[in-house]
Amino acid sequence: MTENKQSERKRRFGSRSNANEVIADTDLSGKTMLITGCTSGIGRETAKALALKGAHVIMANRNLRLSDELKKEIYAEKSDAKVDLIACDLSSLQSVAAAAKEFKDNHWPLHALILNAGVFGSEQKVTIDGFETTHGVNHVAHQLLVRELLPVLRQSAPSRIVVVASHSHQHSGIKTTDPLESKLEKLCPTSNSGFSTYRLYALSKLCNVLMAFKLHREEHKNNISVYVLHPGSMIATDISRSYGFGAQVMNFFIKPFTKTISQGAATNVYLAGSNEIHDVSGKYWESCWDDEKRLDVALARDEQLQDGLWTKTDEAIEQWENKNKSSRRGSSAT
Ligand SMILES: NC(=O)c1ccc[n+]([C@@H]2O[C@H](COP(=O)([O-])OP(=O)(O)OC[C@H]3O[C@@H](n4cnc5c(N)ncnc54)[C@H](OP(=O)(O)O)[C@@H]3O)[C@@H](O)[C@H]2O)c1
């Protein structure tokens, strides 16, 4: 497959383009897309824009009431929209595995998997399975979802994986000179690692970038394009909700200087839906362009680190699976 070179593409959109503009001339009928975390913020705008252009959107969310509200809002604007909900709590691998199973049981194709959900400074310190929450929700749960849905993405190819990361990945505090084991230990923190909330977030976002580039290396040959992106900085979403009133005040003051939520969703929507970038894969995107100026290239393009993180995460998932199996055996024996 030919690589669609940046020099041959024309940039049509920028930091002020919104989610609807970037796919205004695209018909997404016949495309099925699953998105995590679309009850608020960037994910909500993304799901809506894609559904309004005809995509069958599967919302993988834990908050069923807010999901239902979004569904109704979409149907009010487009009565023949196709929107389905699968319950998925990313702080429980059991829930993620069940969500993937439910998706597969429906025999839907999958043309775009959008890994959007994220937490920053969650009040919950560890997930149900004992992972540090930022790491568990932002990274481990998404790797499990990818792993489970890769066969469907391959069958549905050409297909895409869109990973929502952040420029924060540059602030992981990991040095390129650190030994691989030490890098991996930092990338997979426990709740006792003593890292600040921001550092935990930055590390999880570096995990997102590394996973995306690993998937590109493994899956682009199977006609799956992989994109990783920064949606914009300090967009006034609910991401800092655990900071309460303080976060609301800050959102109010910074709002005039940041992207709107729809502008923040534009790159998600463009990467999931645009026909212009079919052959591009394995790039870091911002404002609908594969602009890698803010990519921590030395860490992000380190293939040993990409492989090491994938393997370490997979082993953690396997340990959880084995524990699960033995506790099921234990309870059936009593
Ligand atoms: N806002 C920014 O300036 C900014 C900048 C860079 C990157 N990002 C990235 O953009 C993405 C979207 O964030 P946002 O700013 O739109 O934040 P947001 O408004 O807080 O949205 C986050 C979404 O993730 C979901 N989520 C959180 N924990 C979950 C869990 N355990 N299970 C299932 N869903 C869960 C939330 O659902 P609930 O309603 O159930 O909590 C919500 O739908 C994140 O990956 C974030 O890192 C945002």
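The values are calculated or read from the model by the stated rules, or taken from the named source; none is laboratory data. Model, not experiment: these values are computed from the prediction. Positions of Cβ are generated from backbone atoms using ideal geometry, with glycine treated the same way; all protein chains shown enter the neighbour counts. These area figures cover heavy atoms from the full protein model, side chains too; ligands, DNA and RNA do not enter into them. Shrake-Rupley method; radii C 1.70, N 1.55, O 1.52, S 1.80 Å.
Table: residues versus (1) within 9 Å of the ligand (Cβ to nearest atom); (2) free of Cβ contacts under 8 Å to residues at least 24 places away in the same chain; (3) under 24 Å from residue 120 (Cα atoms).
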| site | (1), (2), (3) |
| --- | --- |
| 84 | no, no, no |
| 89 | yes, no, yes |
| 99 | no, no, yes |
| 104 | no, no, no |
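Being part of a helix (DSSP H, G or I) and surrounded by fewer than 20 Cβ atoms within 10 Å (Cβ to Cβ) narrows it down to one of 66, 50, 70, 85, so name that one. Result of the check over 66, 50, 70, 85: 66. Of everything listed in (1) within 11 Å of the ligand (Cβ to nearest atom); (2) in a helix (DSSP H, G or I), the single unmet condition for residue 233 is (2).
Quick one: would you say residue 162 is within 14 Å of the ligand (Cβ to nearest atom) and either free of Cβ contacts under 8 Å to residues at least 12 places away in the same chain or assigned to a strand (DSSP E or B) (or both)?
yes
For the stretch 1-34: of the residues being of a type in the set (Asp, Glu) and outside any loop (DSSP other than H, G, I, E, B), which is surrounded by the fewest Cβ atoms within 10 Å (Cβ to Cβ)? Only one residue fits best here, namely 8. For the stretch 130-148, the count of residues that are more than 18 Å from residue 239 (Cα to Cα) and more than 16 Å from the ligand (Cβ to nearest atom) is at least one. Taking residue 37 as the residue in question, decide whether it is touching a Ser or Thr at 6+ places or on another chain (Cβ under 7 Å) and either more than 13 Å from the ligand (Cβ to nearest atom) or open to solvent by 10 Å² or more (accessible area, probe 1.4 Å) (or both). In short, no.
Just to be sure I understand, how many residues within the stretch 204-248 are of a type in the set (S, T, N, Q) and modelled with pLDDT of 95 or more? Going through the stretch 204-248 one residue at a time, the tally reaches 5.
Residue 55 meets the conditions (1) under 28 Å from residue 222 (Cβ atoms); (2) out of contact with any strand residue (DSSP E or B) (no Cβ under 7 Å at 6 or more places or on another chain); (3) surrounded by 21 or more Cβ atoms within 10 Å (Cβ to Cβ) in every case but one. The failed one is (2).
Return yes or no: is residue 280 open to solvent by less than 10 Å² (accessible area, probe 1.4 Å), of a type outside the set (S, T, N, Q), within 16 Å of the ligand (Cβ to nearest atom) and closer than 30 Å to residue 20 by Cα? The answer is no for residue 280. Can you tell me which residues in the stretch 289-309 are in a helix (DSSP H, G or I) and either out of contact with any Leu (no Cβ under 8 Å at 6 or more places or on another chain) or open to solvent by less than 30 Å² (accessible area, probe 1.4 Å) (or both)? Across the stretch 289-309, the qualifying residues are 297, 298, 299, 300, 303, 305, 306, 307, 308, 309. The set of residues in the stretch 183-216 that are without any contact (Cβ under 8 Å) to a residue 24 or more places away in the chain, of a type in the set (Ser, Thr, Tyr) and closer than 11 Å to residue 132 by Cα is empty.
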